[in-house]
Every structure is written in C-alpha cells, then in structure tokens.
Amino acid sequence: MKVNKEQLKRMKRNEFVRTAIEYVDTGVVITDPELPDNPIVYTNEGFEKLSGYSTDEIIGNNCRFLQGADSDKETVAQLRSAIQNEEKIKVEIKNYKKNGEFFWNELQIYPVYFESEHQTFFVGVQQDVTKRKMAEERSEHYFEQVKRLSTPIVPIDRKVSIVPIVGHIDDERIDLILKNVSAHIQKSGDEYLIIDLSGVSHFTSELHKGVYQLHQLIKLMGAELMLTGARPDFVLEGVQADFSLSSVKSFPSVQHALITIN
Ligand SMILES: Cc1cc2nc3c(=O)[nH]c(=O)nc-3n(C[C@H](O)[C@H](O)[C@H](O)COP(=O)(O)O)c2cc1C
C-alpha cells in the first residue's frame with residue numbers, strides 16, 4: 001500500500017495518542033459490541049494496575065468481571081441501559097481487584113465511531129476514587145454524629161426528660177429536634193419534657209417558632225412542655241403572632257422546674 005503525506009501524518013498522530021493512552025495512570029479499555037457479550041478488545045497499563053489482572057486475563061471478557069457482591073444493582077442497570085442506547089455515561093461503582101480488595105471506580109463510557117473500522121466501539125475510562133469516597137463516607141458519618149449530639153435528650157427519671165439546646169438554632173435543627181423528641185416521647189411515655197434554653201446564644205424568631213411547634217407536638221402526644229433558661233421577653237414575644245408561648249410553663253432554671261414536677 002502506498003501511503004501519502006496526509007496518511008503518514010495521521011498514522012504518526014495515532015501512534016502518538018496510542019502511546020500516551022498506553023502509559024497514563026487512568027484505566028482505558030475498548031469493547032467491541034459487535035462481538036458476543038461486548039468483550040474487551042483493548043486494555044492499557046493503567047487498567048492492569050487498577051484491576052490487578054494482566055492483559056491476557058482481561059482481553060475477551062465483558063467488563064462486568066470487576067463487579068461483586070457489593071456492586072450496586074441500580075448502577076449496573078444504568079450502565080446496561082446507556083450501553084443499549086449507545087449513550088455516554090458516568091457512574092461511581094464498587095468494583096473488585098484480582099486480590100479480592102474492593103475499590104471505588106469512577107467509570108466513564110463513551111460510544112465512539114472508529115472510521116478505520118467502520119463501526120462504533122465503546123471506550124471506558126476508569127479512575128480509582130476510593131480515597132475520596134472513603135473521605136466522603138467518613139465526613140457524612142461525622143456530620144450525622146454531630147447532628148445527633150447537637151440535640152441530646154437526657155432522661156432524668158421515669159417521666160421527665162431534658163433537651164438542653166446549645167448554640168445556634170436554624171430550621172434544619174428544629175426539624176431534627178421535633179423528629180427526635182416525638183420518637184423519644186412515643187418510646188418512653190414521658191409526661192414532661194424540659195427544654196432548657198440557658199445555652200442558647202441568640203433568641204431568634206426561628207427558635208421561638210420551633211419551641212411553639214414543640215409545645216403543640218408535645219401537647220398532642222399527651223405530655224407537657226416546660227421551658228427553662230428562657231428570657232421573659234422571648235416567652236412573651238409572638239403573643240400577637242400565631243405562635244404564642246404564653247401558655248407554656250417557664251422557669252428560671254431546670255432545678256426550679258423539677259421541684260414543681262416532684
Ligand atoms: C467500555 C466499557 C467499560 C466498562 N467498564 C466497567 C467497569 O470498569 N466496571 C464495571 O463494573 N462495569 C463496567 N462496564 C459495564 C459492564 O460491562 C456491563 O455493561 C454492565 O455490567 C451492564 O451489563 P450487564 O447487566 O449485562 O452486566 C463497562 C462497559 C463498557 C462498555
């Protein structure tokens with residue numbers, strides 16, 4: 001075959017790109033959808049390193065060989081549908097290396113038409129994002145802990161619990177307190193709930209509304225709300241508005257409230 005200047009240029013460029021793909025750290029595979037079960041027909045070094053398998057073990061397999069017990073079924077279904085429809089897709093999926101270790105695979109798949117072959121192939125790009133995913137999972141866990149610790153419910157005796165409110169209160173924290181308190185009362189059958197506001201830095205209208213909602217909720221559940229540590233003007237605020245706290249029993253301190261109960 002005689003090669004003209006333009007073809008030579010293209011061949012050089014192809015070789016240039018192939019060499020680059022061969023040695024990048026990211027996994028790259030190409031699959032042939034015209035062969036039975038869309039097997040891998042090309043793999044680079046990055047994919048060998050990522051998976052722990054050699055080229056010989058990889059070529060000829062469908063990429064699902066990386067999946068295992070904890071690979072999310074919903075994500076696999078998304079992949080199946082994108083491939084069926086020849087659409088590009090990006091997912092994060094739990095995969096397994098040859099030694100059984102799992103890793104989080106940030107997988108991108110592109111349908112690419114290869115002119116030289118007159119057909120569409122799929123190109124998969126795989127990146128190990130385990131460190132980032134683990135850090136995200138840890139920070140979610142810590143955030144949950146902090147949220148839980150920010151609304152502790154302290155049982156005092158058979159019928160009384162205290163919820164000490166500390167720091168800034170916003171709508172999200174109010175929702176959490178309402179949820180936790182209703183679950184707690186249902187379980188414990190408490191008759192009194194003391195909301196202690198002595199650790200609150202700012203008496204805002206959000207807090208006012210939140211305490212009012214708690215009051216309504218607790219009343220509905222057959223228990224009684226007692227407020228301690230609130231500024232008198234805070235309790236009186238909202239008399240004109242829809243959420244008056246004037247019917248809530250308010251005490252200077254938790255001790256004062258407990259004396260009344262016992
Ligand atoms: C190019 C390409 C690369 C793929 N790479 C991966 C991969 O790294 N990890 C994975 O779990 N699935 C990968 N898949 C998806 C699976 O091969 C398969 O399509 C998926 O499991 C859905 O099909 P199935 O239900 O027949 O298994 C890839 C698919 C293609 C086309």
query = Hey, does the range 227-236 have a residue that's in contact with a Pro (Cβ under 8 Å, 6 or more places away or on another chain) and modelled with pLDDT of 90 or more?
reply = yes
inquiry  = List pairs: first residue in the range 41-67 and among the basic types (Lys, Arg), second residue open to solvent by less than 40 Å² (accessible area, probe 1.4 Å) anywhere in the structure, Cβ distance under 9 angstrom, at least six positions apart or on different chains.
reply    = Lys49/Gly27; Arg64/Ser71; Arg64/Val76; Arg64/Leu79
query = Quick one: how many residues across the range 90-133 are over 19 Å from Lys73 (Cβ atoms) and open to solvent by 70 Å² or more (accessible area, probe 1.4 Å)?
reply = 12
Cross-chain or 6+ apart pairs with Cβ under 7 Å, the range 24-39 first and without any contact (Cβ under 8 Å) to a residue 24 or more places away in the chain, then open to solvent by 30 Å² or more (accessible area, probe 1.4 Å) and within 10 Å of the ligand (Cβ to nearest atom) = Pro39/Asn61; Pro39/Asn62
message = Whether any residue in the range 224-231 is part of a strand (DSSP E or B) and charged (D, E, K, R) is what I want to check.
response = yes
task = Working carefully through the options Glu74, Glu22, Glu57, Glu87, find the one that is under 22 Å from Tyr113 (Cα atoms), surrounded by fewer than 16 Cβ atoms within 10 Å (Cβ to Cβ), of a type in the set (Asp, Glu) and within 15 Å of the ligand (Cβ to nearest atom).
result = Glu87
ask   = Given the structure, is Gly167 modelled with pLDDT under 90 and exposed (fewer than 12 other Cβ atoms within 10 Å of the Cβ)?
value = yes
Residue selected from the range 250-262 under the condition surrounded by fewer than 18 Cβ atoms within 10 Å (Cβ to Cβ) and not aliphatic (A, V, I, L, M), by the criterion modelled with the lowest pLDDT = Asn262
task = Working carefully through the options Glu45, Glu34, find the one that is away from the ligand (no atom under 13 Å from the Cβ) and open to solvent by 60 Å² or more (accessible area, probe 1.4 Å).
result = Glu45
ask   = Taking the stated definitions as given, is Phe122 hydrophobic (A, V, I, L, M, F, W, C) and either under 25 Å from Glu45 (Cα atoms) or in the same structural domain as Pro33 (by TED's automatic domain parsing) (or both)?
value = yes
inquiry  = Going through Ile169, Ile162, Ile177, Ile185 one at a time, which residue ends up being within 30 Å of Thr228 (Cα to Cα), assigned to a strand (DSSP E or B) and more than 16 Å from the ligand (Cβ to nearest atom)?
reply    = Ile162
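Every residue, every condition in (1) over 23 Å from Glu144 (Cα atoms); (2) in contact with a helix residue (DSSP H, G or I) (Cβ under 8 Å, 6 or more places away or on another chain), yes or no:
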site	(1), (2)
Val163	no, yes
Ala183	no, no
Gly189	yes, no
Leu197	no, yes
Gly210	no, yes
Gln216	yes, no
Met221	yes, yes
His256	yes, no
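The values are calculated or read from the model by the stated rules, or taken from the named source; none is laboratory data. As the structure is a prediction and not an experimental result, all values here were calculated from the model. Backbone-built Cβ (ideal geometry, glycine too); neighbour counts: all protein chains shown. Note: areas computed on protein heavy atoms with side chains; ligands, DNA, RNA excluded. Shrake-Rupley method; radii C 1.70, N 1.55, O 1.52, S 1.80 Å.
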